[in-house]
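Structure record follows, encoded as C-alpha cells.
The values are calculated or read from the model by the stated rules, or taken from the named source; none is laboratory data. In this text the structure is predicted, and so the values were computed from the model without any measurement. Here the Cβ positions follow ideal geometry from the backbone for every residue, glycine too, while neighbour counts run over all protein chains shown. The area values use the complete protein model at the heavy-atom level, side chains included, leaving out ligands, DNA and RNA. Shrake-Rupley method; radii C 1.70, N 1.55, O 1.52, S 1.80 Å.
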Amino acid sequence: MSHTTSTFSIDDFTRLVRDEIGMPLEPEQVHADFDELPDWDSLYLLKLVTALELATGRPVPIGKVLEARSLKGIYNLAVTG
C-alpha cells in the first residue's frame with residue numbers, strides 16, 4: 001500500500017516495522033536508541049529502507065539513515081527527506 005508522505009503517520013511507520021519487516025516493536029520503542037532495541041540488526045535496516053520506499057513512494061537517503069540513532073530518526077528522514 002502506497003501512502004503519500006503527508007499521510008504516512010508514526011503509527012503507520014510502527015505497523016510497517018512490525019508487519020512488513022517482522023521486527024517486534026512497541027510504539028514507545030520508536031524513540032529508543034538502536035542500542036536499546038534487542039532485535040535490531042543491519043538486515044532489519046535494509047528491509048526497513050526498502051519497505052519505506054515502497055510505502056512512501058520516494059527514495060530514503062541511505063547516507064543519512066546510517067547516521068540515525070533511532071527508528072524515529074529514520075521515520076523523520078523518510079517523511080521529510
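Worth a mention:
- Test result for V17, touching a strand residue (DSSP E or B) at 6+ places or on another chain (Cβ under 8 Å), in contact (Cβ under 8 Å) with a residue 24 or more places away in the chain and either assigned to a helix (DSSP H, G or I) or closer than 14 Å to G81 by Cα (or both): no
- Just one of the listed residues (G57, G81) is modelled with pLDDT under 95 and either surrounded by 16 or more Cβ atoms within 10 Å (Cβ to Cβ) or within 15 Å of D12 (Cβ to Cβ) (or both), namely G57.
- Members of region 50-81 found to be closer than 16 Å to D33 by Cα and small (G, A, S), listed by number: A68, S70, G73
- Close Cβ contacts (under 7 Å, 6 or more residues apart or on different chains) running from residues in region 57-74 that are under 18 Å from L16 (Cβ atoms) to residues that are open to solvent by less than 80 Å² (accessible area, probe 1.4 Å) and in a strand (DSSP E or B) comprise S70/D33.
- Matching residues, region 6-37, being surrounded by 14 or more Cβ atoms within 10 Å (Cβ to Cβ) and among the hydroxyl-bearing types (S, T, Y): T14
- Residues of region 32-50 satisfying the condition of being of a type outside the set (D, E) and within 19 Å of V60 (Cβ to Cβ): F34, L37, W40, S42, L43, Y44, L45, L46, K47, L48, V49, T50
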